[in-house]
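A.B. asks: Structure provided below as structure tokens; questions to follow.
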Amino acid sequence: MDFLGMLESKIMNGNINKERYYYGIKNRSHISKSKIIKNGMSNNIDINEIWTLNYNQMSGIRYMFCESLSYPIFISVYDVNKRSLCAANLFKPDSSVINYLSKILSKMSSMQSKSSPSLEGRIFGMQNDQSTALLIDIIRLFASNNISLVEADLFGSELRNIAIDAHLGMSFNLLALDRVYRPGELNYSKTMIQFEYDNRDRLKYIKDLLK
């Protein structure tokens, strides 16, 4: 059984969302926010935005990032051969959003070699006791498009700040204040109802932005 299957099986057992769950090939390094926003080198992925990027050194854009990630799910899919990246920040998306994401990933999948798959997937976010329904949908979407899961950082009770490098295909802990966080600084105690109220204006619409 591959890692996607193992993760889905663990979810079905019903206890995965009680504490932080991490799987990764190697620990994430840190990167300062000031570095990646310099000269327009990055895009901030807001709630219910989907971006794609074909990295070109001359274009200037290299990083996709998500700040203060709590209940939403932030995913990235990277083609290591073509340096193409899809990133999405999802919170209670409707079926049209999932269908749209599915079309993007299907196109990326069709361009990879069947004998040598090149798509790497990452999943971040969520808080303890949160429903796993959307997570299961994403896992199955990865599986149906032959996307290897190389990192999963889920649940717990802290905010996450994540940056994805479209040049190297790496993930980083984004240092939003250009320094390492102090113990407990990222603790998050708001309920989902409070989160939705705080972000009510951002949740009124869906933005699909393609680059």
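A.B. asks: Tell me which strands (runs of 3 or more DSSP E) are completely within the range 1-67 and hold 1 or more residues being over 23 Å from SER106 (Cα atoms) and in contact with a strand residue (DSSP E or B) (Cβ under 8 Å, 6 or more places away or on another chain), or say none if there are none.
C.D. replies: The strands (runs of 3 or more DSSP E) meeting that bar are 21-24, 29-32, 42-44.
A.B. asks: Which of (1) surrounded by 20 or more Cβ atoms within 10 Å (Cβ to Cβ); (2) assigned to a loop (DSSP other than H, G, I, E, B); (3) not polar (S, T, N, Q) does ASP129 not meet, given it meets every other one?
C.D. replies: (1)
A.B. asks: A follow-up question, please. Starting from the range 164-184, keep only residues that are within 24 Å of LYS82 (Cα to Cα), then list their pairs with residues that are open to solvent by 30 Å² or more (accessible area, probe 1.4 Å) and among the aromatic types (Phe, Trp, Tyr) whose Cβ atoms are within a distance under 8 Å, requiring at least 6 positions of separation or different chains.
C.D. replies: ALA166/TYR55; HIS167/TYR55
A.B. asks: Being among the aromatic types (Phe, Trp, Tyr) and within 11 Å of the chain's Cα centre (by Cα) is true for just one of PHE91, PHE65. Which residue is that?
C.D. replies: PHE65
A.B. asks: May I ask you to list the residues in the range 166-177 that are surrounded by 21 or more Cβ atoms within 10 Å (Cβ to Cβ) and assigned to a strand (DSSP E or B)?
C.D. replies: SER171, LEU174
A.B. asks: A further question follows. With of a type in the set (Gly, Ala, Ser), surrounded by fewer than 19 Cβ atoms within 10 Å (Cβ to Cβ) and touching a residue at least 12 places away in the same chain (Cβ under 8 Å) as the only criterion, which of SER32, SER116, SER84, SER42 stands out?
C.D. replies: None of the other options fit; the residue is SER32.
The values are calculated or read from the model by the stated rules, or taken from the named source; none is laboratory data. Given the structure is predicted, the values throughout are model-derived calculations rather than measurements. Backbone-built Cβ (ideal geometry, glycine too); neighbour counts: all protein chains shown. Ligands, DNA and RNA are excluded from the accessible area calculation, which covers all protein heavy atoms including side chains. Shrake-Rupley method; radii C 1.70, N 1.55, O 1.52, S 1.80 Å.
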